[in-house]
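First up is the structure itself, then whatever we jot down about it.
A short reminder: the numbers here are calculations on the coordinates, not readings from a lab. The structure presented is a predicted model; accordingly, all values stated were derived computationally and were not measured. Counting neighbours? That spans all protein chains shown, and the Cβs are built from the backbone with ideal geometry, glycine included.
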Amino acid sequence: MNLYSCFLQKFQNNRKLAFDKSIYSYEDLKLKIDIATEYLNKLKNNNKILVLTDNSYHLGVFLLTIARIGKIIIPVNKDLKEKQILDQISASNPSVIIYSKIFKKIISKVKNKILVSSEQIFNNRLEKYRKGINKMSKKNYMNQSFIITFSSGTTSNPKPILFTQKIKYERYEHIRKLYKIKKRDIILTSSPLDHSLGQRLFFLAVLTGCNLVYLRKYNLKIWRKIIKKNKVSFAILPSNYLKLLKEDLLNKRIKIKKIVSAASDINKSDKLLFRKKIDFSEMYGASEIGTITNLSKSAPINKINSVGKILSGAEVKIFDKRFNSLSAFKIGKIACKTKLQFKGYYNNKILTKRSKVDGFFLTGDLGYVDNDNYLYFVSRENDVIISSGLNIYSSDVEKEINEHKNIKECAVIGLKDDFFGEIVFSICVLKKQKKNFELNLRNFLSNRLANYQQPIGYSFINELPKNVLGKILKRDLKKIYNEKSYDFSKNLRSLLN
């Protein structure tokens, strides 16, 4: 048994995969897998295969092909910079690199690897359907290492996460049962297939026998047209996409029966609006551990600020700084344990060991659990701002700023300061440019935030930097604004002296 044989069991001739503007049948997918299988089988050293392609459909083909032949695939994000791509190649040390021709210049700098263009593979015709290919489709590779996926790296350097085919299959089954996915469902995803969530949705479609709609770049007019044309019924979307689609979803210009918010927090007012109009859920998890909680439409209204109830089969502990377990409602480090968690960080036993305490994976998030087993996300650990010895959670400040009707989105960070240690700084994207808006915003927040939580400085920009899942890259923002060497406490220090 392997993921490809699972695909064959649910194979549907009338099912389709829509990747942006191109549509492929399941029969075409199967044929492409046969071609890639025959080609890769000819390579002498094909144990680890890195794939760098600008064609998301081709990456889907390689995911199933490499599952079929029992090797390891390393999918790389096509939007990375040259140095980042070369760093990931160095960290994963593949034996084969499959690349699109647009990456030829970068790949030419790599030595001692088998280099193959994806165009070269798919321009071949299948010579004959070999018996060896059929036999390989039935082999059991479920417990073997399968994917090295790099984390999104919003607050630290991306890490190579290792999965087996069994983990990927069990995650597929888990999400299929949790959201009651059927063959008739049409699944929408915007998450790239080099990321764990994108892979999960791809497998959710092809292992269930559903239609899949993949839309890589956000464009409201295109999304409206394709979602309507394909009659999308289920989607897991980053919260920032939900904000962009909000008016269309609430006014039924875009109709999706069931939507799950993922990747980052969504504010209370938006949750309440979505719950009234659609079958709306929110999940919490991480690439390393999968889905840990679910906040369903039927959850009590007094739990709306949570990220959901801890699911059966998952355990959550809240640790203090010394890794002692905390009781209900005490804020601390969120740590999770589940049978769906990753095999480890590739080729890094020390990092794998440090990532866990008593088998519980440290997510890097802060939060608490209530008496009813609902989890509440407070902040990323690195997002805690310590100003004059006081802990300020950036998410608390962001939630209030985002309530202003002219704020499209914002990011709150801590900047270095000689007097306070750190100061609260807010970077905002406005819906409309207005004169003296900073004063307006300060007045708006005056009765909503404690004095020590009030942002000392503001910046208004056109767009916040984000990763492929729409998470704001606060690490980049901190670097940019710290380099500006603002001195917000200068006047205060002169008064005290």
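Could you state, as a whole-number percent, how many of the C-alpha pairs of the stretch 307-383 are farther apart than 16 Å? Counting pairs separated by more than 16 Å, the tail of P(r) holds 50 percent. For GluC sites (Glu not before Pro), the sites in the stretch 420-497 that DSSP calls loop and that have at most 11 other Cβ atoms within 10 Å are Glu463, Glu483.
Once the Kirkwood radius over Cα pairs is known for the stretch 160-204, the Stokes-Einstein relation at 4 °C and 1.567 mPa s delivers a diffusion coefficient of 116 µm²/s.
The trypsin sites (Lys or Arg not before Pro) of the stretch 393-460 meeting both criteria, a DSSP state outside H, G, I, E and B (loop) and at most 15 other C-beta atoms within 10 angstrom of the site's C-beta, are Lys405, Lys431, Lys432, Lys434, Lys435, Arg448. In terms of the Cα gyration tensor, with a ≥ b ≥ c the square roots of its eigenvalues, is the stretch 305-441 rounded because a/c is under 1.5, prolate because a/b exceeds b/c, or oblate? It comes out prolate by the Cα gyration axes. Farthest toward the positive end of the dipole of the chain, out of Ile301, Asn46, Cys410, is the Cα of Asn46, where the dipole comes from beta carbon charges about the Cα centre. If you bin all the Cα-Cα distances of the chain at 10 Å, starting from zero, the percentages per bin are 4, 18, 28, 26, 16, 6, 2, 0, 0.
In this label model, Lys431 and Asp358 are separated by 4.7 nm, measuring between points 7 Å along each Cα→Cβ vector.
Of the beta bridges in the chain, as assigned by DSSP with both residues counted there, near 60 percent are antiparallel. In the structure shown, the pairs Lys168/Lys277; Lys183/Lys257; Lys399/Lys435; Lys353/Lys478; Lys330/Lys479; Lys138/Lys231 are assessed against 26 Å; a Cα-Cα span above that value is assigned to Lys168/Lys277; Lys353/Lys478; Lys330/Lys479; Lys138/Lys231.
For the pair Ser485 and Lys246, a Förster radius of 51 Å applied to the C-beta separation gives a FRET efficiency near 0.85, rounded to the nearest 0.05. Backbone geometry of the stretch 320-326 corresponds, through the Karplus equation with coefficients 6.51, -1.76 and 1.60 at θ = phi - 60°, to 3J(HN,Hα) couplings of 8, 4, 9, 6, 8, 5, 9 Hz, x marking Gly and Pro. The label point for Lys349 and the one for Leu220, both projected 7 Å from the Cα toward the Cβ, are 5.5 nm apart. Length, then width, then depth: along the principal axes, the Cα atoms of the stretch 221-365 run 50, 38, 23 Å. Farthest towards the positive end of the charge dipole of the chain, among the residues Pro465, Val232, Ala335, is the Cα of Val232, using unit charges on the Cβ of Lys, Arg, Asp and Glu. Placing +1 on the Cβ of every Lys and Arg and -1 on the Cβ of every Asp and Glu, with nothing else charged, gives the chain a dipole about its Cα centre of roughly 2000 debye. Loop-located trypsin sites (Lys or Arg not before Pro) in the stretch 67-122 (DSSP state not H, G, I, E or B) with no more than 11 neighbouring Cβ atoms inside 10 Å: Lys81, Lys109, Lys111.
Under the simplified labelling scheme, the Asn324-Asp28 pair shows an inter-label distance of 6.2 nm, with each label point 7 Å from Cα along Cα→Cβ.
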